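Asker: Pasting a structure below so you can have a look.
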Amino acid sequence: MPRGVAIDGVRQRLFAAAETVILREGAGGLRGRAVTTEAGVATGLLHAHFGDFEGFLVAYAVDRSFLLTAAAGEIESLRPPDLGDALASLPQPAATAFARLLAARPDLQGKAAEILGAESAGFAGLTDGVAQYLTAARDDGHLAATTDPAALAYAIIAVLLRAWHEGDREALWRPVIRALLSSAATA
């Protein structure tokens, strides 16, 4: 590896490499050397940018939490177009790899919360965005007045987390989301 050569977007390159490693080997295969090898950079680069591997993981958790919270803002602005389409358009493979990492290392969500706040760490921001969408759908009469948007959003995100963790195809999780929504729909 050449030394002293600037690499554009090194943080995102390392994060993308971590996702590739997680998707290929699982969270247990995630090591500093595996990430830097996948990224095609010197091992010292990770340490130069993040201090150590734990610092890298925390920075990754913060970055992906922020990414999903930003995507949630787009979901909030939808008006009854298909929520399933919006959920299917979430950034991949980031969401899948992040779900798998948090399942193996739930402490990273707490560390991200120290930086971003609990409402934006992990999948909390995404859950809130879906809840806001469902609140608007309820207020517009698309869902029953008795619908609890926060509880329904929690259930929807739980379905997605399981699907991402297991590697389920969209064709498996989308009907479950549709069933959850139709159970809350107005007659």
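Asker: Quick one: residue 96 ticks every box in (1) surrounded by fewer than 18 Cβ atoms within 10 Å (Cβ to Cβ); (2) touching a helix residue (DSSP H, G or I) at 6+ places or on another chain (Cβ under 6 Å); (3) within 30 Å of residue 181 (Cβ to Cβ); (4) not small (Gly, Ala, Ser) except a single one, so which number is it?
Answerer: Every condition holds for residue 96 apart from (1).
So that you can scan it fast, the table gives a plain yes or no per residue for (1) assigned to a helix (DSSP H, G or I); (2) more than 23 Å from residue 20 (Cα to Cα); (3) in contact (Cβ under 8 Å) with a residue 40 or more places away in the chain:
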| site | (1), (2), (3) |
| --- | --- |
| 73 | yes, yes, yes |
| 91 | no, no, no |
| 96 | yes, no, yes |
| 122 | no, no, yes |
| 125 | yes, yes, yes |
| 130 | yes, yes, yes |
| 157 | yes, no, no |
| 160 | yes, no, yes |
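Asker: Tell me, which residue of segment 51-71 that is assigned to a helix (DSSP H, G or I) and among the acidic types (Asp, Glu) is farthest from residue 28 (Cα to Cα)?
Answerer: Among them, the one singled out is 63.
Asker: Can residue 20 be described as more than 18 Å from the chain's Cα centre (by Cα) and either among the hydroxyl-bearing types (Ser, Thr, Tyr) or not in a helix (DSSP H, G or I) (or both)?
Answerer: The answer is no for residue 20.
Asker: Which numbered condition in (1) touching a Leu at 6+ places or on another chain (Cβ under 8 Å); (2) within 21 Å of residue 181 (Cα to Cα); (3) assigned to a helix (DSSP H, G or I) is the only one that residue 147 fails?
Answerer: (3)
Asker: Only residues that are touching a residue at least 60 places away in the same chain (Cβ under 8 Å) and assigned to a helix (DSSP H, G or I): list them for segment 99-115, please.
Answerer: 99, 100, 101, 103, 104
Asker: Looking at (1) over 28 Å from residue 17 (Cβ atoms); (2) assigned to a helix (DSSP H, G or I), can you tell me which one residue 164 breaks?
Answerer: That leaves (1) as the condition not met.
Asker: Just name the residue that is surrounded by the most Cβ atoms within 10 Å (Cβ to Cβ) out of those in segment 101-130 that are charged (D, E, K, R) and at pLDDT 95 or above.
Answerer: Here the answer is 111.
Asker: Looking at the structure I just gave you, is residue 68 over 16 Å from the mean Cα position of the chain (by Cα), touching a residue at least 12 places away in the same chain (Cβ under 8 Å) and within 30 Å of residue 181 (Cα to Cα)?
Answerer: So residue 68 fails the test.
Asker: Let me ask another. Among residues belonging to segment 26-46 that are among the β-branched types (Val, Ile, Thr) and assigned to a helix (DSSP H, G or I), point out the one that is surrounded by the most Cβ atoms within 10 Å (Cβ to Cβ).
Answerer: 35
Asker: Look through segment 18-65, keep the residues that are among the acidic types (Asp, Glu) and free of Cβ contacts under 8 Å to residues at least 40 places away in the same chain, and return whichever of them is nearest to residue 108 (Cα to Cα).
Answerer: If we take residues in segment 18-65 being among the acidic types (Asp, Glu) and free of Cβ contacts under 8 Å to residues at least 40 places away in the same chain, then 54 is nearest to residue 108 (Cα to Cα).
The values are calculated or read from the model by the stated rules, or taken from the named source; none is laboratory data. This is a predicted model, so every value here is computed, not measured. So basically every Cβ, Gly included, is an ideal-geometry build from the backbone, and we count neighbours across all protein chains shown.
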